[in-house]
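To start, the structure itself, in structure tokens.
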Amino acid sequence: MLALALAKGFPGFRLEVSLEVREGEVLALLGPSGSGKSTLLRLVAGLLTPDRGYVRLGPLDLTPLPPERRGVGFLFQDYALFPHLTVAENIAFPLVEARWPREKREGRVLELLRRMELTPHAGKRPEALSGGEKQRVALARALAARPRLLLLDEPLGALDLRLREELLFFLRKTLREEKITTLLVTHDQKEAFLLAHRVALLREGRLVQVGRPEEVYVRPKDAWTARFLGHKNLLGPEESARLGLPPKVHLLPPRALSLGGAWRGVVAERLFYGGRVGLWVRLEGLRLYLEAPEGPEEGEAVGLHLDLAQAVALEG
């Protein structure tokens, strides 16, 4: 298990976080830019020194150790491949540094080349690779020495949308096969939910909520978390009261709204997304959002079903 309690201050910003990550678990640090995600990763890696606190991996205290002695794999957003080395040599580099025997080293490199679908590119240098191929080389290098802990800092952030979606599932499969305890930094909710067993939301250097992706999405702790996760139907106390709910802040999750009920509204906006449409509906002085496979046109009256039993009361 990875256990950490770390504090680090900068002018105008302070990070204070305590976390535990189970062995073999992928935990995603999710939050907006400037929330402290990458700072926390660098503290765990030993690239920054905490003002106070500790990093423990099982019985080992990593806190006093330099980065190269922590047994940690680190994948940067820019990949940081060595331009003068081939793909195979890049992957082998940490094994050479760790003084693996030649035969064992060559076997591990061949294994990773096959797993990452890089065998045809083994003799190429990074300049000859696509963005997706570079990402796979960097991941293979980070995994090569079988680190006790893997740190991923926006691993798909430098890729275009098509490559990102393609490699997202490749990365998910690889992390589950390797079963390495992993801390993943991302600002992308979809990446966090698909890759991680649990997510930890950070805001301004503090943990807001930690839990399984489904739990955090369905029951966000507060209105800020709900907005950050993309929820649109947030009701203030007065708006909640108009629908017959207690006068508190509430979230109406997507499953609480559907077309065809007794509530009467008017479509204010219709958004076509290809396989679905998004509808903003005026109802009781409110604007509510729902999605459907197909839907009415703007200005058309509609019936809505509201399952108010699904409403989630939030902190302000």
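Among Pro50, Pro64, Pro32, the largest mean-square fluctuation in a Gaussian network model of the chain (Cα springs under 10 Å) belongs to Pro64.
For Trp100, the solvent-accessible surface with a 1.4 Å probe is about 40 Å², rounded to the nearest 10.
Size of the chain: Rg and Dmax of its alpha carbons, in Å, are 23.5, 74. For region 182-316, a/c is not less than 1.5, where a ≥ b ≥ c are the root eigenvalues of the C-alpha gyration tensor, and a/b does not top b/c. That puts it in the oblate class.
Segment Glu16..Trp224, full-extension length gain: 73.0 nm, with 0.36 nm per residue of separation and the alpha-carbon distance subtracted. Normalised by the number of residues in region 102-195, the mean separation of alpha-carbon contacts (under 8 Å, six or more apart) gives a relative contact order of 26 percent.
Residue by residue, region 49-57 carries 3J(HN,Hα) couplings of 9, x, 5, 7, x, 8, 10, 10, 10 Hz when phi is fed to the Karplus relation 6.51 cos²θ - 1.76 cosθ + 1.60 (θ = phi - 60°); x denotes Gly or Pro. Descending by average beta-carbon neighbour count within 10 Å, the peptides 229-235, 42-48, 117-123 line up as 42-48, 229-235, 117-123, the highest first. Average accessible surface for region 91-153: 50 Å² per residue, computed with a 1.4 Å probe over protein heavy atoms with every protein chain in place.
Computed on region 171-316, with alpha-carbon pairs under 8 angstrom and 6+ residues apart, the relative contact order is 20 percent. The HN-Hα couplings worked out from phi for region 243-254 by the Karplus form 6.51 cos²θ - 1.76 cosθ + 1.60 (θ = phi - 60°) are 8, x, 8, x, x, 9, 5, 10, 10, 9, x, x Hz, whole numbers, x standing for Gly and Pro. The alpha carbons of region 1-55 stretch over 35, 24, 17 Å along the principal axes, in descending order. Both radii were evaluated on the Cα set of region 55-176; the Rg over Rh quotient, with Rh as the Kirkwood radius, amounts to 0.97.
Phi-derived couplings, Karplus 6.51 cos²θ - 1.76 cosθ + 1.60 at θ = phi - 60°, listed residue by residue for region 183-190: 10, 10, 9, 7, 9, 9, 4, 4 Hz, with x used for Gly and Pro. Put simply, the amide H of Val55, placed in the peptide plane, has neighbours under 5 Å in Leu62, Thr63, leaving out anything fewer than 5 places away on its chain. Between Glu215 and Arg172, the distance separating the two model label sites (each 7 Å from Cα on the Cα→Cβ line) works out to 2.0 nm. Please work out whether region 188-252 counts as rounded, prolate or oblate from its C-alpha gyration tensor, where a ≥ b ≥ c are the square roots of the eigenvalues and a/c under 1.5 means rounded, while otherwise a/b larger than b/c means prolate and anything else oblate? Taking the square roots of the gyration eigenvalues as a ≥ b ≥ c, region 188-252 is prolate. Look at the alpha carbon pairs under 8 Å that are at least 6 residues apart: their mean separation over the length of the chain gives a relative contact order of 18 percent. Ranking Thr63, Thr49 by solvent-accessible area of protein heavy atoms (1.4 Å probe, all protein chains present), from largest to smallest, gives Thr49, Thr63. Here the spin labels are modelled as points 7 Å beyond Cα on the Cα-Cβ line, and at Lys190 and Glu111 they lie 3.3 nm apart.
The values are calculated or read from the model by the stated rules, or taken from the named source; none is laboratory data. In this text the structure is predicted, and so the values were computed from the model without any measurement. Neighbour counts are summed over all protein chains in view; Cβ atoms, including those assigned to glycine, are modelled from backbone coordinates with ideal geometry. In case anyone asks, the SASA skips ligands and DNA or RNA and just uses the protein heavy atoms, side chains included. Shrake-Rupley method; radii C 1.70, N 1.55, O 1.52, S 1.80 Å.
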